[in-house]
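Have a look at the structure below, then the notes.
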Amino acid sequence: MTFPKPNKIVAEKYVAGMSLFKSKLAKIKLSANESALGPSPKSKKEYLKVAKSFARYPDSDGTFLRKTLSDKFKLDKNRIILGSGSDQIFELVCKSFLKKGDDVIVPKYSFIIYRIYSKMNGAKVIYSKEDNFTVSVNDIINKVTKKTKIVFLANPNNPTGTYIKKKDLLFLRKKLRSNILLVVDDAYFEYVKQKDYLSALKIFKNYKNVVMTRTFSKIYGLAGLRVGWGYASKEIINALNKVKPPFNVSRPALFAASAAIKDSLWLNKEIKHVNKWNKKMFNEFKKMKIETNKSYSNFLLVNFDRVKINSSKVFKLLAKTGILVRKMDVYGIKNSLRITIGKSDENRKLISKMKKILNVQ
Ligand SMILES: Cc1ncc(COP(=O)(O)O)c(C=O)c1O
């Protein structure tokens with residue numbers, strides 16, 4: 001007897017940072033770059049209000065949230081598309097633009113999701129080199145072939161935490177053929193305060209060959225609700241809308257996100273908290289001889305080459321004490337862990353456990 005056979009998909013499966021539900025031990029979760037302080041109380045309130053009408057489908061076009069976003073960032077609401085996480089925007093982009101025989105360029109240490117969706121849609125993934133864990137715009141340009149269809153970038157980047165300067169991004173766009181789509185992921189842009197940085201949305205707002213993405217999963221603390229968005233030309237958004245599933249963002253997510261975007265006070269509190277702890281943790285790690293590049297996000301990529309104990313041992317020992325961080329094996333970054341900046345007491349505990357593990361005072 002023969003059975004139905006699914007298509008063969010040659011792409012790695014995304015392995016998420018271990019969930020609290022899977023590991024009873026993990027009291028402190030610093031593995032998924034979620035927000036330290038959680039969602040704005042105003043967005044929680046909105047979520048609870050929607051609980052009265054769970055029987056209703058959401059507005060499939062998310063008109064209300066798109067209007068809120070366009071008012072906030074001075075955008076054309078018809079050029080905004082909502083996704084079940086920004087993750088879904090990458091999926092829609094790959095679905096609408098890629099076919100077998102296309103090449104996609106991603107930086108060597110970029111967010112895994114880009115390569116997964118590219119491969120799922122038949123493309124070959126080409127990896128550009130990095131200079132000291134920073135995207136090399138020149139190497140991306142060198143890797144372009146006739147087959148190149150999309151270049152994916154996150155700025156700042158996960159898992160390295162580094163950023164590309166505004167002038168380098170503009171240079172990249174100028175050097176890429178105009179029919180190559182540049183996708184720039186602004187997932188962590190709120191944390192960057194450097195003068196030579198600008199979010200993709202600000203730089204490329206009026207470009208016809210750039211898709212910019214943003215998420216409510218990081219600074220807005222709504223990872224569990226799954227909501228993100230993309231901005232691009234009308235032509236691109238129309239194409240993405242053709243492959244977008246209906247009702248892809250739930251009612252609670254739409255309303256909680258709308259409230260979150262309006263609560264700037266809460267946002268600034270989170271930025272202040274994360275940037276303060278970023279400096280503190282960087283210095284504490286330095287004292288422990290754990291190397292880390294300067295991060296402009298809510299996490300640090302730390303390397304254990306200069307200490308006697310390796311990253312997998314540290315991972316296990318931290319997990320034993322209930323602290324979950326992220327292994328970097330899937331990214332191919334050796335002897336390293338990625339640590340999300342958490343609440344103050346969580347960060348203090350992490351530093352103290354780390355000191356114990358490394359036997360330093
Ligand atoms: C660079 C980057 N982009 C996007 C995402 C995913 O965001 P979302 O939850 O909106 O799918 C992540 C999550 O880790 C990320 O690190």
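Assuming charge only on the beta carbon of Lys and Arg (+1) and of Asp and Glu (-1), the dipole of the stretch 82-122 about its Cα centre is about 140 debye to the nearest 20.
In sequence order, the stretch 210-222 has phi-based couplings of 10, 10, 10, 10, 9, 9, 9, 7, 9, 4, 7, x, 10 Hz under the Karplus curve 6.51 cos²θ - 1.76 cosθ + 1.60, θ = phi - 60°, and Gly or Pro positions carry x. Extension gain, Thr321 to Thr2: 0.36 nm times the residue separation minus the Cα-Cα distance gives 109.9 nm. Largest GNM mean-square fluctuation across Asn303, Asn268, Asn132, computed for the chain with C-alpha springs under 10 Å, falls on Asn132.
The percentage of C-alpha pairs in the stretch 41-262 whose separation is greater than 21 Å is 53%.
Given R₀ = 30 Å, FRET efficiency for Asn142-Lys45 by Cβ-Cβ distance, to 0.05? Computed FRET efficiency for Asn142 and Lys45: 0.05. Scaled against the 2.2 N^0.38 Å expected of a compact globular protein of N residues, the Cα radius of gyration of the stretch 207-360 reads 1.29. Between the amide H of Ser128 and those of Val106, Lys108, distances stay under 5 Å, these residues lying 5 or more places away or on another chain, with hydrogens modeled in the peptide plane.
Report Rg/Rh for the stretch 269-361, rounded to two decimals, where Rg is the Cα radius of gyration and Rh the Kirkwood radius.
Working: Rg = 12.3 Å, Rh = 13.2 Å.
On the Cα set of the stretch 269-361, Rg over Rh gives 0.93.
All alpha carbon pair distances within the stretch 34-83 were sorted into 5 Å bins beginning at 0; the resulting P(r) in whole percents reads 4, 17, 17, 21, 22, 16, 2. Under 5 Å between amide hydrogens, built in the peptide plane, is the criterion, and for Val211 it picks out Leu182, Val183, Val184 among residues at least 5 positions away or on other chains. Rounded to the nearest Hz, the phi-derived 3J(HN,Hα) couplings of the stretch 120-137 under the Karplus curve 6.51 cos²θ - 1.76 cosθ + 1.60 (θ = phi - 60°) are 4, 9, x, 7, 9, 9, 10, 9, 8, 6, 10, 9, 6, 6, 10, 4, 9, 4, where x marks glycine and proline. Can you give the FRET efficiency to the nearest 0.05 for Lys262 and Leu170, using r as the Cβ-Cβ distance and R₀ = 41 Å? Given R0 = 41 Å and the Cβ-Cβ separation, E is 0.85.
Under 17 Å from a label point set 7 Å out along the Cα-to-Cβ vector of Tyr14, the amide N atoms of the stretch 241-285 belong to 244-245, 248-250. Remark: the stretch 165-170, residue by residue, has Karplus-estimated 3J(HN,Hα) of 5, 3, 5, 6, 5, 5 Hz, where x stands for each Gly or Pro and the curve is 6.51 cos²θ - 1.76 cosθ + 1.60 at θ = phi - 60°.
Going highest first, how would you order 52-59, 256-263, 101-108 by mean Cβ packing within 10 Å? Could you put the intermediate results ahead of the total?
On the way: 52-59: 11.0, 256-263: 22.2, 101-108: 20.8.
Per-residue Cβ counts within 10 Å, averaged per peptide and sorted highest first, yield 256-263, 101-108, 52-59.
Bear in mind these aren't lab numbers, they're just calculated from the coordinates by the rules spelled out. Treat the numbers as computed from the prediction; the structure is a model and nothing was measured. Every residue, glycine as well, gets a Cβ built from its backbone with ideal geometry; the counts of neighbours run over all protein chains shown.
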